[in-house]
Amino acid sequence: MRLHSKDLILREYTFTDCDAVHTYGTDEDVLKYMLWGPNTLFETKQFIALSIFKSLQEPRDEYGLAIIEKKSNQLIGGVSLSLKGTKAEIGWILNRAHWGKGYAFQAALEILTFGFNVLKCDTIEATCDTENHKSYQLMRKLGMSLISTESGVRPARDISQKNRDQYRYEIDRKRFNESLERGDYARIV
């Protein structure tokens with residue numbers, strides 16, 4: 001499976017992706033608000049093997065895709081879509097060297113389009129730590145609406161050992177496709 005945006009290719013992971021995935025999978029700044037990591041090399045290899053295994057399942061309910069920058073042909077992150085009936089959840093991660101270039105938006109927009117218009121999901125949601133301003137700003141740019149603040153559901157990642165809060169955003173197919181038709185997303189890319 002391959003999806004394309006202006007600057008990116010989204011494709012299935014391969015075993016040769018290990019070094020690039022491990023680079024962002026061990027970066028504390030990248031992982032600050034994630035629910036996992038930092039990874040050992042073994043955990044990175046497990047992630048890639050599991051992603052490949054899930055890509056072969058029929059019917060498929062998990063789509064974990066590598067984000068490739070077209071101009072360099074380098075793997076710079078990952079995007080995912082997990083099906084739960086007619087609902088789905090998306091997520092993304094980028095190597096820090098590629099933050100601020102609009103790549104997370106492009107990757108998330110492509111996976112949303114795939115989820116709504118190919119898989120026919122009714123609703124797609126995303127979650128993030130309440131302190132992860134860049135992620136919830138991206139969710140808003142994608143037309144997602146805040147539906148809840150969930151207290152203490154994210155494990156502590158610091159010495160405080162206090163569980164953290166998260167935001168849950170969502171968008172439905174009708175609103176997403178109306179935004180596409182109006183060209184709302186074209187003005188952002």
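The values are calculated or read from the model by the stated rules, or taken from the named source; none is laboratory data. This is a predicted model, so every value here is computed, not measured. Glycine gets a Cβ as well: all are built from the backbone with ideal geometry, and neighbour counts include every protein chain shown. Just so you know, the surface numbers come from the protein's heavy atoms only, side chains and all, with ligands and any DNA or RNA stripped out. Shrake-Rupley method; radii C 1.70, N 1.55, O 1.52, S 1.80 Å.
Within the range 86-126, track down each residue that is among the hydroxyl-bearing types (Ser, Thr, Tyr) and at pLDDT 95 or above. Answer for the range 86-126, where residues must be among the hydroxyl-bearing types (Ser, Thr, Tyr) and at pLDDT 95 or above: Tyr103, Thr113, Thr123.
Here is a yes/no grid of residues against (1) more than 18 Å from Arg140 (Cα to Cα); (2) surrounded by 16 or more Cβ atoms within 10 Å (Cβ to Cβ); (3) touching a residue at least 60 places away in the same chain (Cβ under 8 Å):
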| position | (1), (2), (3) |
| --- | --- |
| Ser51 | yes, yes, no |
| Arg60 | yes, no, no |
| Glu69 | yes, yes, yes |
| Asn73 | yes, no, no |
| Ala104 | no, yes, no |
| Glu110 | no, yes, yes |
| Phe114 | yes, yes, yes |
| Asn117 | yes, no, yes |
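Out of the residues in the range 1-32 that are touching a Ser or Thr at 6+ places or on another chain (Cβ under 7 Å) and either under 26 Å from Gln166 (Cα atoms) or not charged (D, E, K, R) (or both), which is most open to solvent (accessible area, probe 1.4 Å)? Filtering first and then ranking leaves His22. Scanning the range 136-157 for residues that are open to solvent by 20 Å² or more (accessible area, probe 1.4 Å) and either in a helix (DSSP H, G or I) or in contact (Cβ under 8 Å) with a residue 60 or more places away in the chain (or both) returns Tyr136, Gln137, Arg140, Lys141, Pro155, Arg157.
Each residue in the range 58-85 was checked for being modelled with pLDDT under 95 and over 15 Å from Gly115 (Cα atoms), and 1 pass. Take the conditions (1) of a type outside the set (Lys, Arg); (2) crowded, with 16+ Cβ neighbours inside 10 Å; (3) without any contact (Cβ under 8 Å) to a residue 60 or more places away in the chain; (4) over 28 Å from Leu119 (Cα atoms); Thr40 misses just one of them, which is (2).
What number of residues in the range 118-135 are assigned to a helix (DSSP H, G or I) and either under 22 Å from Glu62 (Cα atoms) or over 16 Å from the mean Cα position of the chain (by Cα) (or both)?
Summing the residues that are assigned to a helix (DSSP H, G or I) and either under 22 Å from Glu62 (Cα atoms) or over 16 Å from the mean Cα position of the chain (by Cα) (or both) in the range 118-135 gives 1.
When the range 1-50 is limited to residues that are basic (Lys, Arg) and within 17 Å of the chain's Cα centre (by Cα), the one that is modelled with the lowest pLDDT turns out to be Lys32.
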